[in-house]
Amino acid sequence: MPPDFPVNHSRPHVKVAVDRGIAWIRMDRPEKRNAMNPTMNRSMIEVLDALELDERCSVVVLTGTGESFSAGMDIKEYFRDTDHLPPLARNRVYRAAADWQWRRLRLYPKPTIAMVNGWCLGGGFTPMIACDIAISASDAKFSLSEINWGIIPAGNVAKALATVMNSRAALYYIMTGEMFDGRKAAEFGLVNEAVPRDVLETRTHEIALTLAGKNAITLRQAKISFKNVQDMDWETADDYLRAKQEEGRALDSERGREKGMREFLDEKVLKPGLGTSKS
Ligand code: ACO
Ligand code: V55
């Protein structure tokens with residue numbers, strides 16, 4: 001039988017390489033610092049939809065080609081060139097950005113890691129924060145540069161910031177537009193870790209492999225439920241989490257929970273607290 005999916009998911013301005021379970025997605029417009037234009041946005045929607053169903057992919061890494069993660073929205077093609085469009089047509093262009101930057105990414109059924117390899121500006125924050133985990137080069141440069149050219153952090157940048165970043169720091173950088181580096185980003189909770197550039201890929205790969213080794217259904221239930229409970233009251237959250245746990249059990253053909261109990265309680269080959277299994 002022919003494969004269900006093309007071996008190469010790459011699209012205009014988006015390069016994809018799938019290697020041993022990990023899909024490396026690169027925003028690929030290095031000559032424009034990987035600024036996100038309408039073409040890249042449409043490509044990303046297709047790429048994420050394809051990888052969602054591709055069984056060769058169990059973890060997604062989002063990064064950029066060359067010296068940049070992304071310089072944000074393309075100020076020419078995304079903003080200026082769409083200003084003359086009728087409101088509904090312009091909304092459609094804006095919606096395509098949102099459709100991948102947070103609508104698809106935030107609750108993506110597979111684990112996602114943002115690997116911040118350089119410039120992360122303005123609209124670049126949204127997909128970076130929407131990923132489950134973010135690892136940055138220590139010398140990567142971040143800026144909420146919107147204020148420096150007369151707009152506010154829209155495109156859900158401000159909302160995304162409010163979910164991860166220290167509030168005082170967020171407002172300071174929203175209002176000053178000052179640049180900061182990966183080390184600072186880790187201090188503020190904007191990224192998990194900042195590591196020297198020469199080990200950025202190795203460290204990201206290591207985390208990706210750890211995630212690839214977990215039960216995929218449980219991982220999905222865990223990330224989705226964590227993100228959804230943030231906006232719930234305690235009673236609703238408790239009921240919802242129980243329901244997500246039960247849903248996960250019903251979906252899990254590997255029966256991970258039963259296996260875990262057997263290995264810990266009966267066979268004594270697993271210590272969940274140490275993360276190790278002898279089997
Ligand atoms: N939109 C459109 N074009 C861009 C963008 C962008 N966001 N970022 C960079 N480019 C283009 C430049 O216009 C330039 O194009 P050209 O070679 O055709 O003239 C090319 O990318 C290279 O950029 P330079 O400015 O020459 O590179 P430099 O290394 O000196 O500076 C930097 C890089 C700091 C990223 C600078 O380009 C910059 O400030 N860009 C704007 C970044 C920004 O404010 N983004 C957020 C927008 S707000 C939002 O996303 C909602
Ligand atoms: C931004 C603004 C947008 C958008 C994405 O932060 C990012 C800037 C006004 O629309 O769609």
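The values are calculated or read from the model by the stated rules, or taken from the named source; none is laboratory data. These numbers come from a predicted model, not from an experiment. A quick note on method: Cβ atoms are made from the backbone with ideal geometry, for glycine too, and the neighbour counts reach across all protein chains shown. Note: accessible area is taken over every heavy atom of the protein model, side chains too, but ligands, DNA and RNA are not part of it. Shrake-Rupley method; radii C 1.70, N 1.55, O 1.52, S 1.80 Å.
Summary table
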item: Degrees separating the helix 216-229 axis from the principal Cα axis of the chain, which is the longest one; result: 60
item: The chain, relative contact order in percent, only Cα pairs under 8 angstrom and at least six apart counted; result: 14
item: Debye log10 I(q)/I(0) for segment 166-218, one point scatterer per Cα, at q = 0.16, 0.21, 0.24 Å⁻¹; result: -0.64, -0.82, -0.90
item: Lys/Arg +1, Asp/Glu -1 at C-beta; segment 100-194 dipole; positive extreme among 151, 174, 130; result: 130
item: Cα long-axis angle, helix 87-98 against the chain (0 to 90 degrees, to the nearest 10); result: 40
item: Per residue, in Å², the accessible surface of segment 146-224 once ligands and nucleic acids are set aside, probe 1.4 Å; result: 57
item: Estimated vicinal HN-Hα couplings, Hz - segment 145-156 in sequence order (Karplus 6.51, -1.76, 1.60; Gly, Pro = x); result: 7, 3, 4, 7, 9, x, 10, 9, x, 9, x, 6
item: Table column - 3J(HN,Hα) (Hz), segment 38-46, Karplus curve with 6.51, -1.76, 1.60, x for Gly and Pro; result: x, 5, 4, 5, 5, 4, 4, 4, 5
item: Only Lys, Arg (+1) and Asp, Glu (-1) charged, at Cβ; the chain dipole about Cα centre in debye; result: 120
item: Exposure ranking of 78, 94 by accessible area [1.4 Å probe, largest first]; result: 94, 78
item: Relative packing of 178-191, 217-230, which averages over residues the other C-beta atoms within 10 Å, highest first; result: 178-191, 217-230
item: Whole-number percent relative contact order across segment 175-270, with pairs defined as alpha carbons under 8 Å at least 6 apart; result: 17
item: Net charge over other residues, Cβ less than 13 angstrom from the Cβ of residue 203 (K, R count +1; D, E count -1); result: -3
item: Solvent exposure of segment 1-130 as accessible area per residue, Å², 1.4 Å probe; result: 46
item: Solvent-accessible area, 1.4 Å probe, carbon plus sulfur percent, for the chain; result: 56
item: Span from the segment 66-114 Cα centroid across to the segment 207-229 one, whole angstrom; result: 25
item: At 1.567 mPa s and 4 °C, Stokes D of segment 188-257 from Kirkwood alpha-carbon radius, µm² per second; result: 90
item: Nearest-ten-degree value, helix 200-212 long axis tilted from longest Cα axis of the chain; result: 40
item: Relative contact order of segment 19-106, pairs being alpha-carbon contacts under 8 Å that are 6 or more residues apart, as %; result: 40
item: Kirkwood hydrodynamic radius over Cα pairs of segment 11-75, then Stokes diffusion coefficient at 20 °C and 1.002 mPa s, in µm²/s; result: 181
item: Heavy-atom accessible area order for 242, 197, 33, largest first, 1.4 Å probe; result: 242, 33, 197
item: Derived scalar couplings ³J(HN,Hα) [segment 165-170; Karplus, 6.51 cos²θ - 1.76 cosθ + 1.60; whole Hz; x for Gly, Pro]; result: 9, 3, 5, 4, 5, 4
item: Long-range amide H partners of residue 61 with built H, under 5 Å; result: 23, 24, 25, 113
item: For the chain, convex hull volume per residue from C-alpha positions, Å³; result: 166
item: Residue 39/residue 246 FRET efficiency (R0 45 Å; Cβ-Cβ; nearest 0.05); result: 0.60
